[in-house]
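Student: Just passing along the structure, written as structure tokens.
The values are calculated or read from the model by the stated rules, or taken from the named source; none is laboratory data. Predicted, not measured: the structure shown is a model, and the values here were computed from it. Note that each Cβ is placed from the backbone with ideal geometry, even for glycine, and that neighbours are counted across all protein chains shown. Keep in mind that these areas ignore ligands, DNA and RNA; they rest on the heavy atoms of the full protein, side chains included. Shrake-Rupley method; radii C 1.70, N 1.55, O 1.52, S 1.80 Å.
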Amino acid sequence: MPTGINTENLAIVLEKLQNAIGKQWVSDDPAHLASYSRDFTIVPGRWPNIVVLPGSTEDVQKIIKIAAEHEVPVVPMSTGFNHGGLCIPLHGGIMVDLIKRMDKVLNLDEETLTITIQPGVRNAVTYAMANHRCCVDDVPMAAAVSLSMGSTSTLANYIGRGIPGSEVKYGDSTEAIVGMTWVLPDGEILKTGTPAVPNVGIIPIAYGPGPDIGGMFINASGMFGICTEITIKLFPEKGKERLYIFDAKVKERSLEKALEFLIQLSQQALAEFIYKSHGGQTVNMIIDPDNPYPPGAMCEFLPEDPVIVSILGETEEELDIKEEILMDLAAECGLYALDMKGLTEQIFKGAPNPFERKARSQIGKAIGSVLRRGAFQWYSCNVKADPIPEMASKFFRLVEKYWKPTDPKISRHATMSGTDIQGPHPFARNFMFEVDFWWDQANPEDVKRAAVLLRKTGELILEHGAQPWRNMYRHGELHLPRLGTYLDILKQTKREFDPNNLMHPDIEPVTDDYI
Amino acid sequence: MVDLKAKLGRNVGQLIQYRNDAWKCVRCGLCRMIDTADVTSDQFVDNCPSGIFHKFETFYPAGRHELIRCLTADPPELGYTEVLHKAIFTCTGCGYCQNLCNSFKGLQPTNSFQSLKDFANRKWGVRSEHNALIQSIINYDNPWLSPRKPRGTWARKVKDFKIKDAGKEKVEVLYFPGCNAAYVAEINPVAKATARILHLAGIDFGILGEKERCCGSTAFRVGAVDMFENYRRENIRQLNALGVKTMVTACAGCHSTFAHCYAGDLDFEVVHIVEYIERLIQQGKLKFRKELKDVRATYHDPCHIGRYSKIYDAPRNVLKAIPGVTFKEMVRIKENSLCCGSGGGVKSFDPNMALGVASIRLEEARLAAGANTVVSCCPFCEINLGHAAAGGDMKVVDLLQLVSEAMGE
Amino acid sequence: MSTLDQRLIAAVGEENVLKDPAKISSFFRQPVEKTGLRALLPEKVEEVQSIVKLAREERLPVFTTYDSFFRQEVSSHKAGLLIDFRRMNKIERMEPRGMVVHVQRGVTYEQLTEETKKNGIKLLPAAAATSRSVVEQSVNRAVNLRAARFPDATVANMKVVLADGRIHLTGTHALSEEGANVAHDGSADLSRWYVGADDMFGIVTRATINVYPIWEERKVCFFGFEQLEGACALIRDIPRHEWALENIALNKKALARLAGINEKGLPPWVAVIGLEGKKKLVDYYEKQVYDLVGRKGASNLTSKLGESAAIIERPWYAIDQPCLGFYTTFKRIGEFDEVIEASLKDAGSSLDDVSRKVISVASGGAVWLGYDLPAEMCEKVGVRLVDRGAFFDRPTGKLSEAVYSKMDAFVRHVKRIKNMMDPGNLLNPGIPF
């Protein structure tokens, strides 16, 4: 474990950091330490010892070198919005706030369809910048923007395996990473991908020469370094969109029907975005505070398993053809398209454009509304299609047991808990199965119950051979020991690249002294 | 049940009642930036003035929420530090975070940070930077350290027509200039212009002159809530006794204070002069006789008539009606307007920040709107932006000044 | 018989241990005379494990190859074990609904295609495949003919034998081979470093390969151009509209060779545009393509060359005829052509004599260029191209020296991983890390 957390050593570190980065960007004032100590998850907050705001890759390098010299942990942070307690410094140390001063778009190129950005560039900015340029004729570009807030860091989402809304078409966001700049635990700067090769420039493929070393940094939660720059692919985004919500004609086995529809539709590769939501999620997207119905009651008459589909086209004719195919597929699977004027006007009220298009930046708004009650639980995993109905059914039983109040008048629906299917992966190879519920972060009893349900959900997922999509709620302890050789290699890698365990120590159980 | 209709500046209570809000902040970061649907580039994105200037999370709403959580814990998890105090008193109260967050999560960040200032003042005493203006209000009924008597001086300099004394004569409309218009030389013309416009429109109006007292906004915004409450009671008594139907003001701060902080207790409606002018133009009662030259204008939405009172279109309609004015918007406008940086007592507490943010705003005017003139409807904005513009090519004027100039003789 | 040979025979069976120089020579392009090498033909992953463990004990290097033949310099090793995977040719599982197949390394493209067709699925053919093995083509990131739409590696999970003989199941297979087929690991995506690594960190014995639907309608269009620029403009723009899956330009030599036709009468360049999908949509996109082609002034050769459509349904092998292939942007094609032209001129030849392929990559944001050159020219020209900024994603021999000599930090990093994963440097020593 790091040994540098003592008053004397930290005072020296503070001074060195101030000299290296600039006094105004370094602080150990308790007010600063408190404001960087917590997120909204069930993971308890911890204070760092020093907060630093670097302005460049070289600044980050200086920070890491000073930290290494004095054996003080380093924890990187972007927006701080995450589902894993990922920015909480478990052992104190230096909190590196990457977004406040490193927020520039460094390059945008419609020839190679790429954009190069710093950590502070947020999804809404990435989207807006790309969308203002066309790759051909009137076809603008767009990033595979993560299904997250418009206010969160694009870079952090990509390297943290953020799931893009356009997963079904382009794969997940890690496949759109062209190159990265990392500052390693020893302070070395490493570039990956084609931008790392002299004179090559940017080639929009997801790997560099030889062995693909970039992967070790993906979803590493800062264990192997800090990313200060990323180049990602952009994609053509056709200008016209149609949005649909499908529901099952006959409610029985609506999830199975939705799943079949997802498979069939994914394998036609014509949708831009597919998302099976649930009533509770839909309710939370209704951002009209004047709605007279209590949110829970609304769930009773919303679709249980609505499937949201977006298709794009350059012409109405193209959209007409895609729509015809879409409707045929839906009918084959026992689904029908809801009347958009009715429900979706309510849902997307205030959003000038449909969900996930220009309103891609509206995702920030839409999802923001979801958080109304407090904190947002979202546990997600990679899984094939077949286990999903059983997993969903078991999740609902967990909700009944651990979450829903015993009052019989309160239905499971009224708790707004439910399951989603995100992704899907291209051609429905896999799905991102997600469970949702919300808790009141200000209510300690609620937080306790949430923690139990989260744990149980994690166990449920693993029992079905479904892999948690990323480091969720520090459940690495549940998950990683099941991975045999992989965990051994991971621990070896940690020993090799960060022998003093300074880079975000204990964010994953990868050291022999982890407790 | 969350109060989804929480209004800015209303019912700001004890800090403890915001503790749950502090827990519920999910650090989504939406409050740091303009509405994500309105983002067009990597410029002009951020929108929390103290955050933009000071950068640390502590100066953003999420950071302040954590301070509230720590201070309301039992025992408190934080004690006094200069940084803590600075984080508390650099909130300009611009309302952007509450305007955005309230409709999603029902939180009231601006109100909670206002309450935080009150808490800090009670716990640690009023800041020395604010002491002077609070004492000035106590002693002189204005924050400008000026005696009461000159409050009516500007009116005595109006020669074309006589302005009635609303304290002595019954009038339909009370014109409330506010402290800035009365005491700040750069803002005097606003008072004169307002009076002229009301006169030309044939409105039966009067002023209180030296009997006018501060609306209490300054005291409220720096967290001297008890003093504000005293002022409020006195003002209500005084103003209601006048028997007016309408109060018109040209000061965004006064307008917001009377319209929201006094809401329900006044026997008259509160209107900002710009809405009046728009109406007069539409009715043909106000005509422009002079074409202005080389005015490439952009409009800076003041927080207190913008987000607080939702008056966005009237000033723009008026500006666009003035002959010779070419108008172009900045990026951060209307609900997204970037605060000038001086509100909430920040001008006196952290003048560097006030000027720094103002400079950023002027840069936006220059780059995004190609403007040579920033027009606003708030004396605080104009003072602060004017200070930042000093020595440069950018002009900062009140809309009333342009209106008056275009009206000619 | 030596103890080593006895142990090898015990591991894989006598008939699968080859040591005769004549037999060893078949694994190299040039004949091998005296040799201490052994070629082994395991059938199961357990046998590969045994080989590796044995090698570790005996401190013998282990060699594998992704190029049908082993590197010639391997033959100079006094001792070592060559592993050939032809016997590991089981298609372990097909998941048509899940759009993946799980195959051992020895499964060839042709073998697999026979089975996938029956299940309504297909593979992506490689454009310069140096091996017939599907696993080797995928793990070594051979550019595929649909790179405009699917530019990245088609491998998901792998079964890797490590230098100490342990097995590493990558991605979600570490948790369960039934649960999901996702390349992502449980924490950091370490497994990606096996891709493009020529087995230096571990030997890939099995892979989960992405497959694609066989759609309702398939159309292939051919358009003739006098100049490369015209063809390139087409294959650059069509993917940006997302109309076609294959966006390729071939010079007449390449087309003739691939299609087995006479190049006489062919225009200098032919764009090959492949569409597939629901019929209504394919018809619509075809119309758009023709509109665009009309605007670019190309000749429509579809009916003339229709029977050659099959060229994009199978891999283009670069085993007997080497292909110098690299990535760049459309704007820089001319720059690199100049370098190659100059080199060919020195050798008394020219670009007109060379079979050339141009494949649009990543929505038309880049291009892969392939030149069929004599082996000795590939390396010589390649080095010059590296200096100018051509991107070789799997440089070998002198090319790798040229590339990696400029990438110190990268090389250091890879060496650290190598040292960690194979401290004895047993797996494919000599690959320059």
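Student: So for the pair C:K19, C:N262, with labels modelled 7 Å out along Cα→Cβ, what separation do we get in nm?
Tutor: 5.6 nm
Student: Tell me, what is the percent relative contact order of chain A, built from C-alpha pairs under 8 Å that lie six or more residues apart? Can you show the working numbers first?
Tutor: On the way: 1101 pairs, mean separation 83.0, N = 515.
This gives 16 percent for chain A.
Student: For segment B:179-265, what class follows from the C-alpha gyration tensor (a ≥ b ≥ c being the square roots of its eigenvalues): rounded when a/c is under 1.5, otherwise prolate if a/b is larger than b/c, else oblate? Please list the in-between numbers first.
Tutor: Details: a/c = 2.12, a/b = 1.40, b/c = 1.52.
In terms of gyration-tensor shape, oblate.
Student: For chain B, with a Gaussian network of springs between Cα atoms less than 10 Å apart, report the residue from B:K168, B:K395, B:K290 with the top mean-square fluctuation.
Tutor: Maximum fluctuation in the GNM of chain B, among the listed residues, is at B:K168.
Student: Multiplying the sequence separation of B:E269 and B:L145 by 0.36 nm and subtracting their Cα-Cα distance, what value in nm do you get?
Tutor: 41.6 nm
Student: Chains C and A: what accessible area do they bury, summed, in square angstrom to the nearest 100, with a 1.4 Å probe?
Tutor: On the way: alone 19620 and 21110 Å², together 32780 Å².
Summed over both sides, the interface buries about 8000 Å².
Student: For segment B:138-237, which GluC sites (Glu not before Pro) are both in a DSSP coil and crowded by at most 11 other Cβ atoms within 10 Å?
Tutor: Details: sites: B:E169, B:E172, B:E186, B:E210, B:E212, B:E229, B:E234; in loops: B:E169, B:E172, B:E186, B:E212.
Here the sparse-neighbourhood loop sites are B:E169.
Student: Then there's this: Given the options C:S400, C:S350, C:S25, state which has the largest fluctuation in a GNM of chain C using a 10 Å cut-off (strictly under) for Cα springs.
Tutor: Highest fluctuation of the listed residues: C:S350.
Student: What does the net charge come to around C:A142 if you take all other residues with beta carbon closer than 9 Å to its beta carbon, with K and R at +1 and D and E at -1? Each step should come with its number before you reach the end.
Tutor: Details: positive: C:R141, C:R394; negative: C:E136.
Taking every Cβ under 9 Å from that of C:A142, the sum is +1.
Student: Oh, and also: Measure nothing fancy, just the Cα-based angle from helix C:408-421's long axis to the longest principal axis of chain C, in degrees from 0 to 90, nearest 10.
Tutor: 40 degrees
Student: Pick out, from B:I187, C:T329, A:G84, the residue whose Cα sits farthest towards the positive end of the charge dipole of the protein assembly as shown, with +1 on the Cβ of Lys and Arg and -1 on the Cβ of Asp and Glu.
Tutor: B:I187
Student: Quick one: how many Å² of A:I159 are accessible to a 1.4 Å probe, rounded to 10?
Tutor: 30 Å²
Student: State whether segment B:212-261 is rounded, prolate or oblate according to the following rule on the C-alpha gyration tensor (a ≥ b ≥ c being the square roots of its eigenvalues): a/c under 1.5 gives rounded; otherwise a/b larger than b/c gives prolate, and the remaining case gives oblate. All intermediate terms of the calculation are to be shown ahead of the outcome.
Tutor: Numbers: a/c = 2.49, a/b = 1.36, b/c = 1.83.
Oblate.
Student: Output the relative contact order of segment B:232-327, whole-number percent, from Cα pairs under 8 angstrom with separation of 6+ residues. The partial results should precede the final answer.
Tutor: On the way: 100 pairs, mean separation 28.0, N = 96.
The normalised contact order for segment B:232-327 reaches 29 percent.
Student: With label points built 7 Å along Cα→Cβ from the Cα atoms of B:D226 and A:E324, find their separation and express it in nm.
Tutor: 7.8 nm
Student: Let me cross-check A:W182: its accessible surface, 1.4 Å probe, with only protein heavy atoms counted, in Å² to the nearest 10?
Tutor: A:W182 exposes around 10 Å² with every protein chain in place.
Student: In addition: Skip the ligands, DNA and RNA, and give the accessible area per residue of segment B:228-326 with a 1.4 Å probe, whole Å². The partial results should precede the final answer.
Tutor: On the way: 3920 Å² over 99 residues.
Dividing the accessible area of segment B:228-326 by its residue count gives 40 Å².
Student: OK, next. Among the listed pairs C:K44/C:K159; C:K53/C:K418; A:K240/A:K322; A:K23/B:K395; A:K169/C:K296, which are separated by more than 23 Å between their Cα atoms? Let's see the in-between values first.
Tutor: Working: C:K44/C:K159 12 Å; C:K53/C:K418 17 Å; A:K240/A:K322 12 Å; A:K23/B:K395 35 Å; A:K169/C:K296 29 Å.
Beyond 23 Å between Cα atoms: A:K23/B:K395; A:K169/C:K296.
Student: Please state the relative contact order of segment C:91-213 as a whole percent: Cα pairs under 8 Å, 6+ residues apart?
Tutor: Relative CO of segment C:91-213 lands at 30 percent.
Student: Report ³J(HN,Hα) in whole Hz for each residue of segment A:212-220, in order, from the Karplus equation J = 6.51 cos²θ - 1.76 cosθ + 1.60 where θ = phi - 60°; Gly and Pro get x.
Tutor: Going residue by residue, I get 7, 7, x, x, 5, 8, 7, 6, 8 Hz, with x marking Gly and Pro.
Student: Kindly sort A:L106, A:L86, C:L234 by accessible area of their heavy atoms, largest first, with the probe set to 1.4 Å.
Tutor: Numbers: A:L106 85, A:L86 20, C:L234 0 Å².
Ranking A:L106, A:L86, C:L234 by accessible area, largest first, yields A:L106, A:L86, C:L234.
Student: Here's a follow-up. With the cut-off at 1.5 for a/c, could you classify chain B from its C-alpha gyration tensor as rounded, prolate or oblate? Mind showing how you got there, number by number?
Tutor: Numbers: a/c = 1.82, a/b = 1.31, b/c = 1.39.
In terms of gyration-tensor shape, oblate.
Student: Let me ask another. How do C:K304, C:K159, C:K345 rank by accessible surface area computed with a 1.4 Å probe, from largest to smallest? Don't skip to the answer; put the middle values down first.
Tutor: Working: C:K304 125, C:K159 35, C:K345 150 Å².
Of C:K304, C:K159, C:K345, the descending order of accessible area is C:K345, C:K304, C:K159.
Student: Relative to the longest principal axis of chain C, what angle (0 to 90°, nearest 10) does the C-alpha long axis of helix C:333-346 take?
Tutor: Roughly 70 degrees between the two axes.
Student: Moving to a separate point now. Given the rule -39500 (n - 2.57) for each run of at least 4 DSSP H residues, summed and divided by the residues of chain B, what is its mean residue ellipticity at 222 nm, to the nearest 500 deg cm²/dmol?
Tutor: On the way: 19 runs with 181 residues, N = 409.
When only DSSP H runs of four or more count, the value is -13000 deg cm²/dmol.
Student: Within segment A:2-33, what residues put their amide N at less than 19 Å from the label point 7 Å along the Cα-to-Cβ vector of B:Y80?
Tutor: So the set is A:29-32.
Student: Further, regarding this structure: Determine which aspartates and glutamates satisfy two conditions relative to B:K55: a Cα distance under 17 Å, and not lying fewer than 8 residues away in the same chain.
Tutor: A:D28, A:D29, A:D59, A:D97, A:D103, B:D42, B:D46, B:E66, B:E82, B:D350
Student: Averaged across C:383-393, how many Cβ atoms of other chains sit within 10 Å of each residue's Cβ atom?
Tutor: 4
Student: Ranked from highest to lowest mean number of other Cβ atoms within 10 Å per residue, what is the order of the peptides A:321-328, B:176-183, B:197-204, A:307-314? Let's see the in-between values first.
Tutor: Values: A:321-328: 18.4, B:176-183: 26.1, B:197-204: 16.5, A:307-314: 23.4.
Ranked by mean Cβ neighbours within 10 Å, highest first: B:176-183, A:307-314, A:321-328, B:197-204.
Student: Please compute the average number of Cβ atoms from other chains found within 10 Å of each residue's Cβ in peptide B:106-112.
Tutor: Numbers: counts 3, 2, 0, 0, 0, 0, 0.
Mean inter-chain Cβ contacts per residue within 10 Å come to 1.
Student: A further question follows. Name the residue, out of C:V361, C:V32, C:V48, whose mean-square fluctuation peaks in a Gaussian network model built on chain C with Cα pairs under 10 Å.
Tutor: In this elastic network of chain C, the residue with the biggest mean-square fluctuation among C:V361, C:V32, C:V48 is C:V32.
Student: Give me the angle, in degrees from 0 to 90, between the Cα long axis of helix B:379-389 and the longest principal axis of the Cα atoms of chain B, rounded to the nearest 10.
Tutor: 80 degrees
Student: With a 1.4 Å probe and all protein chains kept in place, how much accessible area does A:H413 have, in Å² rounded to the nearest 10?
Tutor: Counting only protein heavy atoms, the figure is 60 Å².
Student: Can you list the residues, at least 5 places off or on another chain, whose amide H is less than 5 Å from the amide H of C:V62, using H built in the peptide plane?
Tutor: Answer set, sorted by chain and number: C:L81, C:L427, C:N428.
Student: Largest first, what is the accessible-area ranking of B:R296, C:R295 with a 1.4 Å probe? Present the calculation step by step, with values, prior to reporting the outcome.
Tutor: Numbers: B:R296 105, C:R295 160 Å².
I get C:R295, B:R296, largest accessible area first.
Student: Then there's this: Taking the Cα centre of the protein assembly as shown as origin, sum charge times position over the Cβ atoms of Lys and Arg (+1) and Asp and Glu (-1), and report the length of that vector in debye to the nearest 20.
Tutor: Details: 163 positive and 168 negative charges, 567 e Å.
Value, rounded to 20: 2720 debye.
Student: Partner chain Cβ atoms within 10 Å, averaged over the residues of A:215-223 - can you pull that number for me?
Tutor: Working: counts 11, 10, 4, 7, 6, 5, 2, 0, 2.
Shielding by partners across A:215-223 averages 5.
Student: Quote the charge dipole size of segment C:217-312 about the Cα centre in Debye, to the nearest 20; the model charges only the Cβ of Lys and Arg (+1) and of Asp and Glu (-1).
Tutor: Numbers: 15 positive and 12 negative charges, 19 e Å.
The calculated dipole for segment C:217-312 is roughly 100 debye.
Student: Could I ask something else about it? Using the beta-carbon distance between C:E110 and A:D513 and R0 = 56 Å, what value does 1/(1 + (r/R0)^6) give for FRET efficiency, to the nearest 0.05? Before the final figure, lay out each step's value.
Tutor: Working: r = 53 Å, r/R0 = 0.94.
Using R0 = 56 Å, I get an efficiency of 0.60.
Student: Summing Lys, Arg as +1 and Asp, Glu as -1, what charge do residues with Cβ under 11 Å from the Cβ of B:K164 carry, B:K164 excluded?
Tutor: On the way: positive: B:K162, B:K168, B:K170; negative: B:D165, B:E169, B:E172, B:D204.
For residues surrounding B:K164, the net value is -1.
Student: Then there's this: Anything losing 40 Å² or more of accessible area from the isolated chain to the full protein assembly: pick those residues out of segment C:135-162, probe 1.4 Å, ligands and DNA/RNA ignored.
Tutor: The answer is C:R141, C:R149, C:D152.
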